[in-house]
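Have a look at the structure below, then the notes.
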Amino acid sequence: SMKTTTIPPLRVSPELRKQAEAVLQQGETLSGFVIDAVTRSIEYRNARQAFIARGLASALRAKKTGKYVPADRVIGKLARKLAKAKQRVT
């Protein structure tokens, strides 16, 4: 089994604590809420770093090869994806 550790205690204003407690779901604890928030923030930052790394690698490849995709083609492809997604929702 995995050992656990603690995250340093947080000092927050009474107002922030009140706001956090006000949005807790049924049966959710403040500790659970904080763990969820930290987990989501880590996932977001990892995804952002990976996105930036892919973008930088793509830019480097394009610079090396001289092969670029015109913006209008990219926007057109995104527009088609959006239209398909909207059709699935309705």
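Odds and ends about this structure:
- Length released on extending from residue 22 to residue 82, taking residue separation times 0.36 nm less the Cα-Cα span: 18.1 nm
- The charge dipole of the chain, taken about the Cα centre with unit charges on the Cβ atoms of Lys, Arg (+1) and Asp, Glu (-1), comes to about 940 debye, rounded to the nearest 20.
- Taken as entire DSSP H runs, the helices of the chain never both span 30 Å or more between Cα atoms along their own long axis and average 1.0 or more on the Kyte-Doolittle scale.
- Listed by chain and number, the lysines whose C-alpha is less than 19 Å from the C-alpha of residue 86, apart from same-chain residues fewer than 8 away, are 77.
- Label separation (residue 13 vs residue 54): 3.8 nm, computed from points 7 Å beyond Cα along the C-beta direction.
- Trypsin sites (Lys or Arg not before Pro) within the range 26-90, DSSP loop, no more than 11 other Cβ atoms inside 10 Å: 67
- From the coordinates shown, percent of Cα pairs over 23 Å apart corresponds to which of [x] 10; [y] 59; [z] 28: [y]
- Of the residues 79, 16, 50, the one whose Cα sits farthest toward the positive end of the charge dipole of the chain, with +1 on the Cβ of Lys and Arg and -1 on the Cβ of Asp and Glu, is 79.
- HN-Hα J in Hz across the range 4-11 - Karplus 6.51, -1.76, 1.60, θ = phi - 60°, x for Gly and Pro: 10, 9, 10, 9, x, x, 10, 9
- Taking label points 7 Å from Cα along the Cα-to-Cβ direction, residue 33 and residue 4 give a separation of 1.9 nm.
Just so you know, all these numbers are worked out from the coordinates, no wet-lab data involved. Here the structure is a predicted model, which is why all the values come from computation and not from measurement. All Cβ positions, even for glycine, are placed from backbone atoms using ideal geometry, and neighbour counts span all protein chains on display.
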